[in-house]
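What follows draws every value from the coordinates through simple rules; no lab data is involved. If you're wondering where the values come from, they're calculated on a predicted model, not measured in any experiment. Positions of Cβ are generated from backbone atoms using ideal geometry, with glycine treated the same way; all protein chains shown enter the neighbour counts.
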Amino acid sequence: MNGHTPPSRSPDRHRELSLKSGILGDSEKIIQLLETIEQVAPTDITVLISGESGTGKELVARAIHHLSRRQEQPLVTVNCGAIPEGIIESELFGHEKGSFTGAVNSRRGYFEQAHHGSIFLDEIGDLPLTTQVKLLRVLESREFMRVGGTTVLQVDVRLIAATHKDLEQEVRKGHFRDDLFFRLNAVRIHVPSLRERPEDIPLLVRKFADDFCRDNHIEFDGLTESGLNRLRHYHWPGNIRELKNIVEKMIVLERGRRLDDRLVEKYLNEPAAAGKNLPMTVHLSKEEMEREFLFRLLLEIKSEIAQLRELMVAQTRPSYHLNPWREDQTIDYFETTEEESGGKKAERKSVADMEKEMIRAALVRTGGNKRKAAQLLGLSERTLYRKIERYAIK
């Protein structure tokens, strides 16, 4: 024993931190997370936040900034995976007029905009290697030059980074610089997945349901204990983001009634349920099986988009009056066309057509927000931008 007694935990302090940060939970993992945030926030040390997609890494970054001495200064958030490789240096560090085609004016980059504040680089594992070199210089010397510039600029920022990738593995593969990794890894905060803290699910469900019902003037009778238990035992691949979407979807599509495990089951994307829509014959070639599997996945996505469409309709109504679910509201990916001879034949749309329809539907659902649309589709923003350009989607 060294004679040092750690400070006792205060439930009131925990609740205060939870309210300030928006990070909800009474589990041991969340209490430890909040305590770590409180410890590192007052310093200027670089923080690397790790965790699966949908766990709330950006929420942790915001909490660190708002509990720091820089809280009155800007917090600039950058999704590194959403910026095309050709312009990312210009976005981060700015550029001078005439430095490249289209640079009609000088522009301040995100680091200059965050001067005296904090910059949050989300999905930092997606940074190109050439940009990583320049970022390392900023971290070590607090100086940089704009693209096309000759003047060295000084900057005072606190860097917070996040990734869902295993950066140590990326270093071994040669996709991420080891010197930058060691510089970023001064303090690492891991955000636990939802399946690591199932005891927090009832609290999160109550929060999401209360907010959604208040904003949309909907009455909701809650979940039975069996319904909550079903949510506790689900594996939650999409984490908190998935839980929020499912809660809102259940409230709308079940017309606010009390939800038991049988009703909850319909909205959980269990792997065993994947074959319900389309049987797969095993006496097929590898190419045919892959094609059938793709159509199966697209049918599952079709169902999700149809339910999201119901959610959009519900949100535009001043009070809660939903019509029963109608199959004709779903998107048909298999359509019937007349042949010139008068006979009918089932014709499948191409995969590209289906992909375009799904992207359009996601963009409509998110009001044109490409970042949210990419999350909805399970794509990186960079991939979504490429597909929008490829299909000329406006």
Original post:
Lys pairs in the range 11-192, Cα-Cα under 29 Å, at least 8 apart or on separate chains: how many?
Top reply: 12
Subject >> Nearest-0.05 FRET efficiency for LEU59 and ARG262, computed from C-beta distance (R0 22 Å) >> reply: 0.10
Original post:
Using 7 Å Cα-to-Cβ label points, what is the ARG390/GLU143 separation (nm, one decimal)?
Top reply: 4.4 nm
Original post:
Amide H neighbours of VAL187 under 5 Å, counting only residues 5+ apart in sequence or on other chains, H built in-plane at 1.01 Å?
Top reply: LEU48
**OP:** Pull up all non-local amide H partners of VAL157: gap of 5 or more, or a different chain, and H-to-H distance under 5 Å with H placed in the peptide plane.
**Re:** HIS116
Subject >> Protection-proxy order for peptides 247-253, 360-366, 151-157, each taking the mean of Cβ atoms within 10 Å per residue, highest first >> reply: 247-253, 360-366, 151-157
Original post:
When only alpha-carbon atoms count, how far does the range 11-192 stretch along each of its three principal axes, as whole angstroms with the largest first?
Top reply: 57, 39, 26
Original post:
Ordered by packing density, taken as the mean number of other Cβ atoms within 10 Å over each peptide's residues, highest first, how do 372-381, 166-175, 179-188 rank?
Top reply: 372-381, 179-188, 166-175
